[in-house]
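Here's the structure, in structure tokens; my notes come after.
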Amino acid sequence: MLKAKVGRDSFGSKFGIIAAVAGSAVGLGNIWKFPYIAGQNGGGAFLLIYLLCVLVIGIPVMMSEFTIGRRGQKNAYGAFKSIAPGTRWYLAGIMGIVAAFFIMGFYSAVAGWTLEYIYQAVTHQFAGRSPEEISEGFNAFIQNPIRPAVWQLIFIIITSIIVIAGVRRGIEKYTKILMPVLLVIILVLCVRSLTLPGGMEGIRFLFKPDFSSITGTSILYALGQAFFSLSLGMGTLITYGSYFSKKENLGVTALEVSFADTIIAILAGVAIFPAVFAFGIEPGAGPGLVFITLPGIFQQMPAGDFFAAIFFILLGVAALTSTISILEVIVAFFAEELRISRRNATILAAGSVSVLGVLASLSFSSLSDFTIFGKTIFGLLDYSSTNILLPLGGLCIVLFIGWYVKHLLLYRELSNSGSIRVWYYRSFIFLVRFVAPFGISAILIYSIFYGGLG
Ligand code: PHE
């Protein structure tokens, strides 16, 4: 043969893999969503249900995705085709690609807001404004049809520049720098928040279970949040898994990343709730919690602009390492299935995502009256992906690994052809075969009949 086959791009180091996967997992889900969802669903009680979902459903799904990706050596759709040729399992991959579009649509909108807020903090625009004025400022900003969309497009462009550069030279290189930055910032903010007088009340709220506010819907939200926060159910980790080396220990990596993601969500709660309580604000303030409540709180602290700026940088960095992974799902699919270059695949993916994204942004202005099932485009993209597509995708993934894939193949992949011990194998099989499918189905069925849209 004259031309050697060009190998697939891959991650170059163990730390690179952890940074990239944790970068995908840690995002707006941890810092923007988790605190307000926990706040609305009983604080500590929600945290317990969430931990249970991560342990018995999230981690098994993550291991399954890594297995499919590394074994299939392809994008989320192609990996199913290569492991199960001639079957329809690839539909799970297609659903994942659709979910990637949906999530990117609303996620990039919120990611864009972080840029506006970094800008406002750095230019001292919050200074001297009352909480009411800050709240009005947020509403005026998102109700503007142009400005949020422009920030959103800038965010999509930054994401694309990194993705175009490739797995090792783009994704790995940048996440290895950004993740340590993120960790330092969140720790600084935790210290600041914990040392506020009256902050302990917030810690109590976060850790003390109040089971009276738990309903079936909160359990659905806990599961949806676990999928969203761990980047599960749409092939992100199938795609990333396909770039792992054959030496990577899939089980241990899944445990490490899930642990890191959960710790960061809890730290975000620790950074936010004490501040919220110290200033006597309602914890269940909804999506506005970090964009309205927090800037108001920062203004009442010494060096408030500084803390506001680093908080929104934290949020922006967390969002960026996640949008990279969401875009990569679509880019890997386009590049491999349409056989086009990474560059063209990224342009195509970013272009189509931008159209959907701008529609999501306009949900707060020109399109605010346009609703489907009682939700705006933004709300519908969020609800349907988080609470339906991701759990459904996760269900297909555990059924595929638990019931379709041959045990020998599975064992080989998890043990790197017998070179490492798979001490968790039996529990893993039990979880993927029975616990996860049953748990996800029960929650999904409940949500169709009771949770519902609207
Ligand atoms: N896990 C990311 C977060 O918590 C969001 C995400 C979802 C990323 C699905 C990739 C896939 O913000």
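Which members of segment 281-310 meet the condition of being at pLDDT 85 or above and within 16 Å of the ligand (Cβ to nearest atom)?
VAL290, PHE291
Every residue in segment 267-288 that is in a helix (DSSP H, G or I), open to solvent by 10 Å² or more (accessible area, probe 1.4 Å) and in contact with a Phe, Trp or Tyr (Cβ under 7 Å, 6 or more places away or on another chain), please. Quick ask: steps written out before the conclusion?
Of all residues in segment 267-288, those in a helix (DSSP H, G or I) come to 267-278, 286-288.
Of the ones still in play, those that are also open to solvent by 10 Å² or more (accessible area, probe 1.4 Å) are 267, 270-271, 277-278, 287-288.
Selection gives PHE277, PRO287, GLY288.
If we scan segment 46-56, do we find a residue that is of a type in the set (Val, Ile, Thr), within 29 Å of TYR243 (Cα to Cα) and away from the ligand (no atom under 15 Å from the Cβ)?
To start, the set of residues in segment 46-56 that are of a type in the set (Val, Ile, Thr) comprises 49, 54, 56.
When the remaining residues are screened for being within 29 Å of TYR243 (Cα to Cα), the result is 54, 56.
Right, trim to away from the ligand (no atom under 15 Å from the Cβ) and you get 56.
Yes: one or more hits.
Looking at ARG71, ARG8, can you tell me which residue is more than 16 Å from the ligand (Cβ to nearest atom) and surrounded by fewer than 18 Cβ atoms within 10 Å (Cβ to Cβ)? Steps first, answer last, please.
Working: ARG71 fails: surrounded by fewer than 18 Cβ atoms within 10 Å (Cβ to Cβ).
Result: ARG8 is the single residue among ARG71, ARG8 that is more than 16 Å from the ligand (Cβ to nearest atom) and surrounded by fewer than 18 Cβ atoms within 10 Å (Cβ to Cβ).
List every residue pair whose Cβ atoms sit under 9 Å apart, with the two residues 6 or more apart in sequence or on different chains, where the first one lies in segment 127-151 and is on the phi < 0 side of the Ramachandran plot and among the polar types (S, T, N, Q) and the second, anywhere, is in a loop (DSSP other than H, G, I, E, B) and surrounded by 13 or more Cβ atoms within 10 Å (Cβ to Cβ).
So the pair list comes out as GLN143/SER365; GLN143/SER368; ASN144/SER365.
If you check ILE154 against the conditions, is it open to solvent by 60 Å² or more (accessible area, probe 1.4 Å), in contact (Cβ under 8 Å) with a residue 40 or more places away in the chain, part of a helix (DSSP H, G or I) and under 19 Å from ALA318 (Cα atoms)?
Working: open to solvent by 60 Å² or more (accessible area, probe 1.4 Å): yes; in contact (Cβ under 8 Å) with a residue 40 or more places away in the chain: yes; part of a helix (DSSP H, G or I): yes; under 19 Å from ALA318 (Cα atoms): yes.
Yes: the conditions hold for ILE154.
Enumerate the pairs (first residue in segment 87-100 and within 15 Å of ILE68 (Cα to Cα) and assigned to a loop (DSSP other than H, G, I, E, B); second residue anywhere and open to solvent by less than 40 Å² (accessible area, probe 1.4 Å) and more than 14 Å from the ligand (Cβ to nearest atom)) with beta-carbon separation below 6 Å, excluding pairs fewer than 6 apart on the same chain, so at least 6 apart or on different chains.
These pairs meet every condition: TRP89/PHE80; TRP89/PHE400.
How about segment 249-266: which of its residues are in contact (Cβ under 8 Å) with a residue 12 or more places away in the chain, surrounded by fewer than 18 Cβ atoms within 10 Å (Cβ to Cβ) and more than 16 Å from the ligand (Cβ to nearest atom)?
LEU255
Which condition number does ILE18 fail, the rest of (1) more than 16 Å from the ligand (Cβ to nearest atom); (2) surrounded by fewer than 23 Cβ atoms within 10 Å (Cβ to Cβ); (3) within 20 Å of ALA268 (Cβ to Cβ); (4) of a type outside the set (D, E, K, R) being met?
It fails just one condition, (1).
Could you name every one of the helices (runs of 4 or more DSSP H) located completely within segment 1-81 that has at least 1 residues being over 18 Å from LEU237 (Cα atoms) and at pLDDT below 95?
34-40, 44-53
Among the residues of segment 95-108, is any hydroxyl-bearing (Ser, Thr, Tyr) and either more than 16 Å from the ligand (Cβ to nearest atom) or surrounded by fewer than 23 Cβ atoms within 10 Å (Cβ to Cβ) (or both)?
First, pick out the residues of segment 95-108 that are hydroxyl-bearing (Ser, Thr, Tyr): 107-108.
This time we only want the ones that are either more than 16 Å from the ligand (Cβ to nearest atom) or surrounded by fewer than 23 Cβ atoms within 10 Å (Cβ to Cβ) (or both), so: none.
No - not one qualifying residue is present in segment 95-108.
Looking only at segment 238-248, which residues are in contact with a Leu (Cβ under 8 Å, 6 or more places away or on another chain) and within 15 Å of the ligand (Cβ to nearest atom)?
GLY241
Check off (1) at pLDDT below 95; (2) open to solvent by less than 60 Å² (accessible area, probe 1.4 Å) for PHE428 and give me the number that stays unchecked.
For PHE428, the failing item is (1).
Given GLU256, GLU248, which one is under 26 Å from THR386 (Cβ atoms) and of a type in the set (D, E, K, R)? Break it down into steps so the answer makes sense when it comes.
Working: GLU248 fails: under 26 Å from THR386 (Cβ atoms).
After applying the criteria, what remains is GLU256.
Out of the helices (runs of 4 or more DSSP H) lying entirely within segment 386-449, which hold 3 or more residues that are over 21 Å from ILE49 (Cα atoms)?
Filter on segment 386-449 gives 390-399, 407-414, 425-430.
Which residue out of PHE291, PHE334 is open to solvent by 10 Å² or more (accessible area, probe 1.4 Å), part of a helix (DSSP H, G or I) and out of contact with any Asp or Glu (no Cβ under 6 Å at 6 or more places or on another chain)?
Details: PHE291 fails: open to solvent by 10 Å² or more (accessible area, probe 1.4 Å).
After ruling out the rest, the residue left standing is PHE334.
Filter segment 337-360 for residues that are open to solvent by less than 30 Å² (accessible area, probe 1.4 Å) and among the aliphatic types (A, V, I, L, M) and give the result.
Once the filter is applied, which keeps residues that are open to solvent by less than 30 Å² (accessible area, probe 1.4 Å) and among the aliphatic types (A, V, I, L, M), segment 337-360 yields ALA345, ALA349, ALA350, VAL353, ALA360.
The values are calculated or read from the model by the stated rules, or taken from the named source; none is laboratory data. Since we're looking at a predicted model, the values are computed, not measured. All Cβ positions, glycine included, derive from the backbone under ideal geometry; neighbour counts span all protein chains shown. Ligands, DNA and RNA are stripped out before the accessible areas are found, and what is left, the full protein with its side chains, is counted by its heavy atoms. Shrake-Rupley method; radii C 1.70, N 1.55, O 1.52, S 1.80 Å.
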